[in-house]
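Colleague: The structure's right below; bear with me while I get my questions together.
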Amino acid sequence: MEKQKQKLIVQAAPYLSHGITAPKAMLDIIYALIPVALLSVWFFGISSLWVIISATLGGVLVEWLFNRERADNPLKDGSAILTGLLLGLTLPAGLPLWMAFLGGVVAIGLGKTVWGGLGNNLFNPALLGRAFLLGNFPIAMTTWPAPIGDAGIFSVYPSTFTWPFMQVATDSVSGATPLNLMKFQHQFTDVGSLFIGNVSGSYGETSALLLLVIGGVLILRRSIDWRIPAALLGSVFVLSLIFFMVDSRLYPNPFFMLFSGGLMFAAVFMATDPVTSPLTPKGAWIFGIGMGAITVLIRLFGGLPEGVMYAVLLMNATVPLIDKISQPRAFGHGLKKDGQ
Amino acid sequence: MKQQPIQWVKPPKAEQEPSSTRLVLTMAVAGFLSGLLTISIYLVTLPTITAYKIESLRQAVFRVLPNTVSIQEYVYRDGQLRAVKDGEKAKDEASIYGGFDIRQNMLGYAIAAEGAGFQDTIRLLYGYDKVQKRIVGMEVLDSRETPGLGDKIYKDLDFVANFKALNPLPEIKAVKKGQRTADNQIDAITGATISSVAIVKIINQSNALWLPRIHATHGHCFRSLSC
Amino acid sequence: MLTQNSAPDNAYDEFIKGVWRENPVFVQVLGMCPTLAVTNSAMNALVMGLATFFVLTGSSALVSSVKDWIPKQVRISCYVIIIATFVTVIDYTLLALVPKIHKELGAFIPLIVVNCIILGRQEAFASKNTVYLSVLDAMGSSIGFLFALLALGGLREILGVGALFGVNLFGEHYEPWVIMVLPPGGFLVLGLILLFFNWFKARKPEKSLNPALETPHG
């Protein structure tokens, strides 16, 4: 028999469609990230812009390399730029640029292209890149510089321009993040300053207020599924409220838990990634609550100060399963027979 | 490449099934020869292996208990630490090593302890000077802490130096680097707080068990510096 | 892969196939346990590879020379006894000669006994071929295995520590890629090497004009 090209494409369920094209949805999120990026430049200076640009360049380069033989422009859908931006916003402001670039390469290379490109990846590419960087360079990735303060927007952290593959030469002044203070020194940062965002941390994770506003706008425009952030933030709040009521000296208050770390950023931008989150409403709730529970467990009882990244990645892995068990029942199928 | 189908090994029909005796005999011969070889290699390598073990133990004790030239194993029986001869010790019985200087004066004890670290169990050995009542050295024997971060518990010489004259009473505490105020405190490693605290916890737990025994043996009183 | 050929002019082929064309790690994807577990440094990889070389070559030589006396019903048990004996010998030898590396390899030395490459070569080749060919086949496979371990161990040590066989390569300011010497690094590097192996294989038939070669083979 002669070999023929198969024309029939058999796809796995679900066959649901959002009705929005991928580039349009991506563009919406990219616009939403611009104010976050601007605020981070305001707090941490021009260094943060360099880090974001490096991460994005890394991602775009790999996307282009793997897809350069494709007829249409592989960068047109904007997903590589979005991933790079998302990754850049979760990195410490003083991170050496070569590390940010490597993070972008890994995010797109290992997080997306090896899975078969856009729409086929199991894990959130930006968070995969971040997890790789955190595992690889634990010191640089946990050196959170203090906000620049009076030094001016154009001041640059000395660690930013480190030679590729070399260590950060000088000991930069690092500020302990609010979650670090809680974990290792048992100090709780004032919820008010967390809300505005003038604390140490990655850019994206500092201002809860801005992220709440942006999240609200995105939900109103239907660019993201409201159920996932609602389930994630709600479950974190309820769970930490329970612990707080058990022992208020040992466990932080639930508002601290909501506004600290990368939780807000992850809830609005990471968890809602349509490729790596469930498609059904019921699935979205399960997904969000699972992430919330893992986040609280890691933060309060784990060895790491922040757990939302691993919470998202772990729940990403369960998405195919969630999609399977949360399929709405087709009309007339699967009902119990009468009298049983 | 032409691929041949896998051929399942089947005894040809014409051939007779070998008797059970033959099967048992084959296995017995194979087992006997294998046993013979195993025992021979064991006997040949045993002296080298034993010598290495004793030597590495002696060197480890020497590193945590300076001036040691010979060591002696001790176990705790009937309210006293007693020296054990070869083979006298029960298999699971906990023991510590006493170190002696060149004039056969007892210097103190090297105590092995283990406990949970950040990634896996940390095993360490520390020396307790019975005269000064201080911990005078600590060495991590085995750990799987994060390279570049948690592994500073043995690579960071500043951290290891914390244990060169450390008062173990009432208990050791890890404080932020540069904030040491008392002689029972150590500087934790920046960025590896968990591993540092794990070391302190392991030594404190082991001290709670062994220090009263050491003091009981040598007639010192415990949990007080005034006597 | 289970082709058998006892023609003496194929001796070279029996040797070379295990090194490259049927490389146990990169092509057959066998022996993953030591491949992933002990390749965090080039030295560990080398010692593991040499230990496996000794066990595999020794077992193949012995199995092929006594194959006529072993009844088929108990052959697997006999092979396992033979392999286990060689493993015990190398275990004690390493403990006596290089105790530090023995400690790092830990449980993986005794676990050579369950390395499927070894039993696989006995069952597929040594039990049906002459001693000469079996030894060549075993040496080919174990050199292929050693080559794979060294590639992994070398890459992981260079990236993860900035050194090769403990010799510092990039100066003291090199920022080590910590993840490479941790377990995930094993999976990452092996995955990347397999990616390039398959990419290399996939490109070859593209260039050739013979369509028969395009059929993929397992």
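Colleague: Please go through the range A:100-141 and give me each residue that is in a loop (DSSP other than H, G, I, E, B) and more than 12 Å from chain C (Cβ to nearest Cβ), ordered by number.
Modeller: First pass over the range A:100-141, keeping only residues in a loop (DSSP other than H, G, I, E, B): A:110-112, A:116-124, A:137.
Within the range A:100-141, A:Gly111, A:Lys112, A:Gly116, A:Gly117, A:Leu118, A:Gly119, A:Asn120, A:Asn121, A:Leu122, A:Phe123, A:Asn124 meet the criteria.
Colleague: If you don't mind, there's one more thing I want to ask. Could you tell me how many of the residues in the range C:112-162 are more than 15 Å from the chain's Cα centre (by Cα) and among the hydroxyl-bearing types (Ser, Thr, Tyr)?
Modeller: 4
Colleague: With the structure loaded, tell me whether C:Val161 is β-branched (Val, Ile, Thr), farther than 19 Å from C:Gln28 by Cα and either facing chain A (nearest Cβ under 9 Å) or surrounded by fewer than 18 Cβ atoms within 10 Å (Cβ to Cβ) (or both) or whether it fails that test.
Modeller: Working: β-branched (Val, Ile, Thr): yes; farther than 19 Å from C:Gln28 by Cα: yes; either facing chain A (nearest Cβ under 9 Å) or surrounded by fewer than 18 Cβ atoms within 10 Å (Cβ to Cβ) (or both): no.
So C:Val161 fails the test.
Colleague: Would you say A:Gly288 is under 26 Å from A:Phe132 (Cα atoms) and within 14 Å of chain B (Cβ to nearest Cβ)? Please lay out each step first, then the result.
Modeller: Details: under 26 Å from A:Phe132 (Cα atoms): yes; within 14 Å of chain B (Cβ to nearest Cβ): no.
Judged against the criteria, A:Gly288 is not a match.
Colleague: Can you tell me which residue within the range A:247-289, out of those that are of a type in the set (A, V, I, L, M) and in a loop (DSSP other than H, G, I, E, B), is nearest to A:Leu211 (Cα to Cα)? Give the derivation first.
Modeller: Going residue by residue through the range A:247-289, those that are of a type in the set (A, V, I, L, M) are A:250, A:257-258, A:263-264, A:266-268, A:270-271, A:275, A:279, A:284, A:286, A:289.
This time we only want the ones that are in a loop (DSSP other than H, G, I, E, B), so: A:250, A:271, A:279.
Details: A:Leu250: 28, A:Ala271: 14, A:Leu279: 24 Å.
Going through the qualifying residues, I end up with A:Ala271.
Colleague: Then there is this: I'm told C:Ser142 meets every condition in (1) more than 14 Å from every other protein chain (Cβ to nearest Cβ); (2) surrounded by 22 or more Cβ atoms within 10 Å (Cβ to Cβ); (3) at pLDDT below 90 except one. Can you identify the failing condition by its number?
Modeller: (3)
Colleague: Are there any pairs, at least 6 apart or on different chains, whose C-beta atoms fall under 8 Å, with the first in the range B:195-219 and under 18 Å from B:Ile153 (Cα atoms) and the second among the basic types (Lys, Arg), and if so, which?
Modeller: These pairs meet every condition: B:Ser195/B:Lys152; B:Val200/B:Lys173.
Colleague: Taking into account only those residues within the range B:117-153 that are small (Gly, Ala, Ser) and farther than 17 Å from B:Leu209 by Cα, which is surrounded by the fewest Cβ atoms within 10 Å (Cβ to Cβ)?
Modeller: Let us first name the residues in the range B:117-153 that are small (Gly, Ala, Ser), namely B:117, B:127, B:137, B:143, B:148, B:150.
Those still in the list that are farther than 17 Å from B:Leu209 by Cα too: B:117, B:137, B:143, B:148, B:150.
Working: B:Gly117: 26, B:Gly137: 25, B:Ser143: 21, B:Gly148: 23, B:Gly150: 26.
Residue satisfying both the conditions and the ranking: B:Ser143.
Colleague: Would you kindly identify the strands (runs of 3 or more DSSP E) lying entirely within the range B:41-104 that contain at least 2 residues that are at pLDDT below 85 and away from every other protein chain (no Cβ under 14 Å)? Steps first, please.
Modeller: Details: elements: B:70-77, B:80-83, B:95-100.
Filter on the range B:41-104 gives B:70-77, B:80-83.
Colleague: Something else about it: I need the full set of residues from the range B:183-192 which are within 19 Å of B:Tyr128 (Cα to Cα) and outside any loop (DSSP other than H, G, I, E, B), in order please. Can you show your working first?
Modeller: Looking only at the range B:183-192, we keep the residues that are within 19 Å of B:Tyr128 (Cα to Cα), and these are B:183-186.
Of everything in the range B:183-192, those that are within 19 Å of B:Tyr128 (Cα to Cα) and outside any loop (DSSP other than H, G, I, E, B) turn out to be B:Gln185, B:Ile186.
Colleague: Pick out the one residue from C:Phe196, C:Phe187 that is assigned to a helix (DSSP H, G or I), more than 30 Å from C:Asp68 (Cβ to Cβ), at pLDDT below 90 and within 20 Å of the chain's Cα centre (by Cα).
Modeller: Values: C:Phe187 fails: at pLDDT below 90.
Being assigned to a helix (DSSP H, G or I), more than 30 Å from C:Asp68 (Cβ to Cβ), at pLDDT below 90 and within 20 Å of the chain's Cα centre (by Cα) holds for just one of C:Phe196, C:Phe187, which is C:Phe196.
Colleague: Looking only at residues in the range C:69-118 that are in a loop (DSSP other than H, G, I, E, B) and either modelled with pLDDT under 85 or surrounded by fewer than 18 Cβ atoms within 10 Å (Cβ to Cβ) (or both), which one is farthest from the other protein chains (Cβ to nearest Cβ)?
Modeller: Residues of the range C:69-118 that are in a loop (DSSP other than H, G, I, E, B), as a first pass: C:69-71, C:98, C:109, C:115.
Filter once more, keeping what is either modelled with pLDDT under 85 or surrounded by fewer than 18 Cβ atoms within 10 Å (Cβ to Cβ) (or both): C:69, C:71, C:98.
On the way: C:Trp69: 7, C:Pro71: 4, C:Val98: 10 Å.
Out of the qualifying residues, it is C:Val98.
Colleague: Inspect the range A:196-206 for any residue being modelled with pLDDT of 65 or more and closer than 23 Å to A:Ala293 by Cα and give the result as yes or no.
Modeller: The initial filter retains those residues of the range A:196-206 that are modelled with pLDDT of 65 or more, namely none.
No: the range A:196-206 contains no residue that is modelled with pLDDT of 65 or more and closer than 23 Å to A:Ala293 by Cα.
Colleague: Considering only the range A:270-313, state which residues are crowded, with 21+ Cβ neighbours inside 10 Å, touching a residue at least 60 places away in the same chain (Cβ under 8 Å) and of a type in the set (S, T, N, Q).
Modeller: A:Thr276, A:Thr295 - these are the residues of the range A:270-313 that are crowded, with 21+ Cβ neighbours inside 10 Å, touching a residue at least 60 places away in the same chain (Cβ under 8 Å) and of a type in the set (S, T, N, Q).
The values are calculated or read from the model by the stated rules, or taken from the named source; none is laboratory data. Remember, predicted model here, so these are calculated numbers, not experimental data. Positions of Cβ are backbone-derived with ideal geometry, glycine not excepted, and every protein chain shown enters the neighbour counts.
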